[in-house]
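Have a look at the structure below, then the notes.
The values are calculated or read from the model by the stated rules, or taken from the named source; none is laboratory data. This one's a predicted model, so the numbers in the text were calculated from it and none came from an experiment. All Cβ positions, even for glycine, are placed from backbone atoms using ideal geometry, and neighbour counts span all protein chains on display. For accessibility, only protein heavy atoms count, side chains too; no ligands or nucleic acids. Shrake-Rupley method; radii C 1.70, N 1.55, O 1.52, S 1.80 Å.
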Amino acid sequence: MKKNVLIAVALALLTSTAFAATLEPLALVPTLDPQRYIGRWYEIARFQHSFEKSIVGATADYALRPDGKISVKNSGFKNTLDGKFTEAKGIAWIPDSSKPSALKVQFFWPFAADYLVFGLDQENYQWAVVGANNRKYLWFLSRTPTIDPALLDQMKQLAVSQGYDLSGLYMVPQKER
């Protein structure tokens, strides 16, 4: 089963880069401070993909590593908030310091995917919008498991303004962790 998941993720990553050239690149936030970005983020909404489709209560935990990269631990529960706990570990890094909001993330070698921050509460780092240039990947993240409907609308408007079709947006069931 794990091998099938890894193959599906690899194919998704490969196809995501094939179509990115036909779209305008996302307009990323101008600055991102990794020290302020680390910690826990709750998935508020996302596009569904095979590697995450059955996961609810999803969070991403980031921590700085001694080598300057960022450790990534994505976790959640299978099917229900009381379901089996699952997690995936990876690393992220900023390949070009002049573009700090354009990260790469890798859960298994040699495949890495774009992690592009195009929305961010730059004052308090309480919410973020992350995607990819092909517009097939999208996450609305928050430091809390729920957000105000006005903030959700703001995040949606931001994504639409960047060329996203939100018809496939999935609201992630959440609980405090």
Across region 96-120, which residue is farthest from the chain's Cα centre (by Cα) among those that are surrounded by 14 or more Cβ atoms within 10 Å (Cβ to Cβ) and outside any strand (DSSP E or B)?
Pro100
Among the numbered criteria (1) aliphatic (A, V, I, L, M); (2) modelled with pLDDT under 95; (3) closer than 19 Å to Leu116 by Cα; (4) touching a strand residue (DSSP E or B) at 6+ places or on another chain (Cβ under 7 Å), which single criterion is violated by Leu6?
(3)
Filtering region 126-163 down to residues that are loosely packed, with under 15 Cβ neighbours inside 10 Å and aliphatic (A, V, I, L, M), which residue is nearest to Phe51 (Cα to Cα)?
Val160
Taking region 34-67 only, how many residues are open to solvent by 60 Å² or more (accessible area, probe 1.4 Å) and in contact with a Pro (Cβ under 9 Å, 6 or more places away or on another chain)?
1
Which one is least open to solvent (accessible area, probe 1.4 Å) among residues in region 77-87 that are free of Cβ contacts under 8 Å to residues at least 24 places away in the same chain and either closer than 14 Å to Phe51 by Cα or under 14 Å from the mean Cα position of the chain (by Cα) (or both)?
Phe77
Evaluation of Pro173 against (1) closer than 23 Å to Lys53 by Cβ; (2) not in a loop (DSSP other than H, G, I, E, B) (one fails), failing number
(2)
Flagged pairs (Cβ under 9 angstrom, 6 or more apart or on separate chains; first in region 20-44, in contact (Cβ under 8 Å) with a residue 12 or more places away in the chain and outside any loop (DSSP other than H, G, I, E, B); second surrounded by 12 or more Cβ atoms within 10 Å (Cβ to Cβ) and of a type in the set (Asp, Glu)) are Ala20/Asp114; Gly39/Asp61; Arg40/Asp61; Trp41/Asp61; Glu43/Glu52
